[in-house]
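Worksheet for the structure shown next.
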Ligand code: 4FN
């Protein structure tokens with residue numbers, strides 16, 4: 001897959017792509033990421049990329065000519081039909097569904113805004129789709145662009161090496177994760193749940209599934225509404241919802257963080 005990012009801070013993108021799973025995907029050639037800086041298309045002596053908003057008010061707006069020129073130059077390096085996405089607080093929410101959809105494409109253009117945003121005519125003329133990573137005020141679209149790139153990189157075939165994504169392909173797909181533990185067996189007086197030391201792998205699977213479903217129910221019930229649960233997960237959910245069962249209640253309590261105190 002080929003991704004181009006239009007940004008006033010290309011080194012923010014390049015720097016973040018050196019590390020971890022994304023870095024490895026790039027090194028293996030599973031993903032290539034290029035950047036285009038609108039400042040290269042600012043032709044005045046001051047290389048101006050922003051201007052004052054019509055109608056007045058505070059802040060500046062990205063001016064249209066250099067931005068649209070950068071979008072067109074970057075888009076020309078991508079496979080025909082690659083969508084041009086503006087990362088924007090006004091966009092539809094980027095979630096794992098959108099990640100899967102975009103990861104399957106051969107090319108993608110991402111536009112990161114700065115200042116108060118971009119001249120609306122650039123959105124009309126040069127953007128196919130607006131996506132938002134969440135509801136908070138940011139100073140630029142670069143971190144959202146990197147969020148999208150990270151999510152897509154791990155979905156490229158071969159990106160995870162052997163370790164098949166435990167989140168994407170297992171019976172806990174679409175659920176939050178339960179708790180993880182590693183050595184030592186007792187840490188500051190807190191023991192690892194005994195079932196994990198039991199060696200009974202069917203028991204361990206069941207316990208992990210209950211933890212994942214209970215935690216999702218307690219913390220993010222909205223995820224269960226859209227989830228396509230496996231049969232086992234659906235049964236656990238039904239039990240937890242019908243409530244009362246002591247193991248289920250304890251699992252849900254722990255999942256809700258009710259046992260975090262001393
Ligand atoms: N943000 C809101 C409402 C209005 C504006 C903002 C905001 C960066 C260029 C856009 C923000 C959030 C998620 C891009 C926020 C995202 C951005 C994103 C983003 C500078 C103009 C700006 C949501 C709080 C009601 C600044 C909220 N996903 N404007 O942050 O680019 O992709």
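The values are calculated or read from the model by the stated rules, or taken from the named source; none is laboratory data. Being a predicted model, the structure only gives us computed values, none of them experimental. Here the Cβ is made from the backbone with ideal geometry for all residues, glycine too, and neighbour counts use every protein chain on show.
Per-structure values
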{"item": "Selection within the stretch 121-146 - touching a helix residue (DSSP H, G or I) at 6+ places or on another chain (Cβ under 9 Å), within 8 Å of the ligand (Cβ to nearest atom) and in a loop (DSSP other than H, G, I, E, B)", "result": "133, 134, 138, 140"}
{"item": "Flag if residue 105 is more than 9 Å from the ligand (Cβ to nearest atom), under 24 Å from residue 44 (Cα atoms) and surrounded by 12 or more Cβ atoms within 10 Å (Cβ to Cβ)", "result": "no"}
{"item": "First in the stretch 64-90 and under 14 Å from residue 127 (Cβ atoms), second anywhere and in a loop (DSSP other than H, G, I, E, B), Cβ under 6 Å, 6 or more apart", "result": "64/119; 83/128; 84/127; 84/128; 86/127; 87/141"}
{"item": "Complete set of residues in the stretch 1-40 that are in contact with a strand residue (DSSP E or B) (Cβ under 6 Å, 6 or more places away or on another chain), in a helix (DSSP H, G or I) and touching a residue at least 40 places away in the same chain (Cβ under 8 Å)", "result": "13"}
{"item": "Residues within the stretch 91-102 that are assigned to a loop (DSSP other than H, G, I, E, B) and either touching a residue at least 40 places away in the same chain (Cβ under 8 Å) or surrounded by 19 or more Cβ atoms within 10 Å (Cβ to Cβ) (or both), tallied", "result": "1"}
{"item": "Any pair with Cβ under 6 angstrom, 6 or more apart, that starts in the stretch 208-221 at a residue that is more than 16 Å from residue 195 (Cβ to Cβ) and ends at one that is assigned to a helix (DSSP H, G or I) and modelled with pLDDT of 95 or more", "result": "216/223; 216/224; 217/240"}
